[in-house]
Each structure stands twice: as C-alpha cells, then as structure tokens.
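Peer 1: The structure's right below; bear with me while I get my questions together.
The values are calculated or read from the model by the stated rules, or taken from the named source; none is laboratory data. Because the structure is a prediction, the values reported are computed rather than measured. Because the Cβ atoms are built from the backbone with ideal geometry, glycine has one as well, and the counts that use them run over all protein chains shown. Side chains included, ligands, DNA and RNA excluded: accessible areas come from the protein's heavy atoms. Shrake-Rupley method; radii C 1.70, N 1.55, O 1.52, S 1.80 Å.
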Amino acid sequence: PSASRPASLRAVTATRVLQCQRHALSLREGSTTRWSVAQSRTDRIIDGTVLGDGRSAALVVQRAGSQAINVIGLRDGSVLHRINLNAVSPVRFASRRGVALVLTEQRRLVIVDLRFGRITVDHEVEHDIGELAIDESGQQIALRVRDPFGDVQQVQVKDLIAATKLGAVPEPSVE
C-alpha cells in the first residue's frame, strides 16, 4: 500500500472520521482536515475505537517489542492517557463504557478505565485463555479457555471486580 493510503478509518459522527495512516493521525470532516498529528516512525496503530462520549478515541499502538493504548482527545489530537502494555495478546474495547479488556501472559485479565487511564481489574485465571470478548457496555466478558476451540465461559465484570478485591476466582458459567 502507498504511504498516502489510509490504514484505517473510524467514524466519529456521520460527517467526521478519524483517519489513521502509516505515521499520521487526523480528524477529517468532509474534505477538511480539522487537525493532524504525526506519529513516531516506529509506532504503528493496529486497532482502535471511538469512545462512547464521542470526544476521545483509544488506539492500540505497536512499538518495538511492546504495545500501548493511547487515549486521544478528538478536539485536537492530544494524548490524554498512555497505558503501556507488556506481554500482551489481544486488546478488546467496550467503547460505550470507555474500558479496554487486555489479556496478558495468556492468563491475566486486565480492565483499564480509558476515561481516567487507570486499571480497575487485574486478575489471573486458572487456565490459558484462547480468545476473549467484552460487550459494548463493559458488563459481560466471554472467555474461550485452554485453546481457540475450547469451552466458552461467561463472566460478569462485577463478579471479576469482586473476586479481584477478595483474591478469589469468580465462578464462570459455561455455555
């Protein structure tokens, strides 16, 4: 692909689009560029979402050997929060709730409140997780345990928060 071709587009409103190119990020409204921010040449945006308030976006940025979640303000493209991630597999967003679900070390679930840039849950489970998802409202997590073709378990986020505070493992329901 050419350097001028967009890597991805995220709709902000019916007329505004967040455009992620190879080394630049911009907010466009029709044919007008509202703002543009250069990214480091070593950074690559690999995922992202516009958060529920419509005033910010979360971007997963790949760097040499690591990842970060950058929360940017859509008013001017400034970085509001940067959450550095180590040994990360997937990042899943509940954009309406403004949280990210991060899987680290195949067994550790971390929930990050993107509005405030802080970790609200850091919990290790008993089995390796092959795949995970979180609903848009940030209330329910689905985990595929052991491998990508294993059993699916449903976990309520509130149960995970309670278990984290108590140091216990929540009992998921298997579907």
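Peer 1: So how far apart, in nm, are the two label points at residue 118 and residue 46 if each is 7 Å from Cα heading toward Cβ?
Peer 2: Label-label distance for residue 118 and residue 46, simple model: 2.8 nm.
Peer 1: By accessible area of protein heavy atoms, probe 1.4 Å, what ranking do 41, 92, 115 get, highest first?
Peer 2: I get 41, 115, 92, largest accessible area first.
Peer 1: For 149, 116, give the ranking by accessible area with the largest first, probe 1.4 Å. Walk me through the numbers before you get to the answer.
Peer 2: Numbers: 149 185, 116 125 Å².
Ranked from most to least accessible, the order is 149, 116.
Peer 1: Let me ask you something else. Relative contact order, percent, of the chain when contacts are C-alpha pairs under 8 Å separated by at least 6 residues?
Peer 2: Relative contact order, the chain: 10 percent.
Peer 1: Okay, moving on. Could you rank 45, 161 by how accessible they are, 1.4 Å probe, largest area first?
Peer 2: The residues order as 161, 45, largest area first.
Peer 1: Between residue 23 and residue 162, what's the calculated FRET efficiency when r is the beta-carbon distance and R0 is 45 Å? Round to 0.05.
Peer 2: Values: r = 43 Å, r/R0 = 0.96.
According to the calculation, E is roughly 0.55.
Peer 1: Additional query: Measure off, as a whole percent, the carbon and sulfur share of the 1.4 Å-probe accessible area of the chain, all protein chains present.
Peer 2: 47
Peer 1: Suppose R0 equals 45 Å; then what is the FRET efficiency for residue 32 and residue 149 from their Cβ-Cβ distance, rounded to the nearest 0.05?
Peer 2: Efficiency for this residue pair is about 0.40.
Peer 1: What ³J(HN,Hα) values, in whole Hz, does the Karplus curve 6.51 cos²θ - 1.76 cosθ + 1.60 give for region 25-38 when θ = phi - 60°, with x put for Gly and Pro?
Peer 2: 10, 8, 10, 10, 10, x, 9, 9, 8, 6, 7, 9, 10, 6
Peer 1: Hey, can you find the accessible area per residue of the chain for me, probe 1.4 Å, expressed in square angstrom?
Peer 2: Values: 9710 Å² over 175 residues.
Averaged over the residues of the chain, the accessible area is 55 Å².
Peer 1: Taking the chain as the reference, fit the longest principal axis to its C-alpha atoms, fit the long axis of helix 157-166 to the helix C-alpha atoms, and give the angle between the two in degrees, 0 to 90, nearest 10.
Peer 2: Here the helix axis deviates by roughly 60 degrees.
Peer 1: Can I ask one more? Would you kindly derive the ³J(HN,Hα) couplings of region 118-127 from the backbone phi angles with the Karplus curve 6.51 cos²θ - 1.76 cosθ + 1.60 (θ = phi - 60°), listing them in order in whole Hz, with x for Gly and Pro?
Peer 2: 9, 7, 9, 9, 9, 9, 9, 9, 6, 10
Peer 1: Counting residues in the chain as N, plug N into 2.2 N^0.38 Å and put the Cα Rg over that result.
Peer 2: Relative to the 2.2 N^0.38 Å estimate, the chain comes out at 1.10.
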